[in-house]
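For reference, the structure discussed in these notes is given below.
Nothing in this text is a laboratory measurement; each read-out follows from the coordinates by a stated rule. It should be emphasised that the depicted structure is a prediction, and the values quoted were computed from it without experimental measurement. Cβ sites come from the backbone with ideal geometry, for glycine too, and all protein chains shown count toward neighbours.
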């Protein structure tokens with residue numbers, strides 16, 4: 001049995017700001033951009049990984065959600081409590097400098113972790129945590 005990751009979802013409150021980050025800073029390509037019921041889903045991914053998609057979705061993809069539910073989800077997103085993703089890189093220090101220079105909020109500067117990676121962390125424009133990791137020794 002061969003199982004692999006095909007898609008993951010990241011909630012964003014402003015797709016244009018998210019695209020400026022994921023496409024323009026991280027170098028992802030836009031693969032799909034779908035609007036439905038007043039909401040929007042944008043699929044992005046790295047050109048070298050055509051089999052893995054990240055879907056930038058609304059924080060609450062339910063057109064019938066109550067105002068209270070929408071407000072609760074917006075609050076969780078703003079605090080960075082919804083989702084995060086870990087991305088691999090072959091040079092975590094160069095990636096850190098590139099993403100920091102683009103103005104992303106730094107959560108953790110590059111550090112060697114006891115579990116065998118060197119990593120750093122940022123928040124995307126919506127508040128989601130993104131970690132970038134490199135196996136130590138690479």
What do you get for the angle between helix 92-101 and the principal long axis of the chain? Use alpha-carbon atoms, 0 to 90 degrees, nearest ten. 50
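So if R0 is 25 Å, what FRET efficiency would residue 31 and residue 3 give, r being the distance between their Cβ atoms, rounded to the nearest 0.05?
On the way: r = 21 Å, r/R0 = 0.86.
Working from the Cβ atoms, E equals 0.70.
Tell me, what is the percent relative contact order of the chain, built from C-alpha pairs under 8 Å that lie six or more residues apart? Working shown, then result.
Values: 237 pairs, mean separation 31.7, N = 138.
Relative contact order here is 23 percent.
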Counted neighbours (other Cβ, 10 Å), sorted fewest up, put 97, 57 in the order 97, 57
Quick one: if you stick a label point 7 Å off each Cα along the C-beta vector at residue 16 and residue 136, how many nm between them? 4.5
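Given the DSSP H assignment, sum -39500 (n - 2.57) over each helix run of at least 4 residues in the chain and divide by its residue total; what's the result at 222 nm in deg cm²/dmol, nearest 500? Provide the component values of the computation, followed by the final result.
Working: 3 runs with 27 residues, N = 138.
Only helices count here, giving -5500 deg cm²/dmol.
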Overall Cα dimensions of the chain, principal axis frame, Å, largest first: 50, 34, 32
What do you get for the angle between helix 67-78 and the principal long axis of the chain? Use alpha-carbon atoms, 0 to 90 degrees, nearest ten. 10
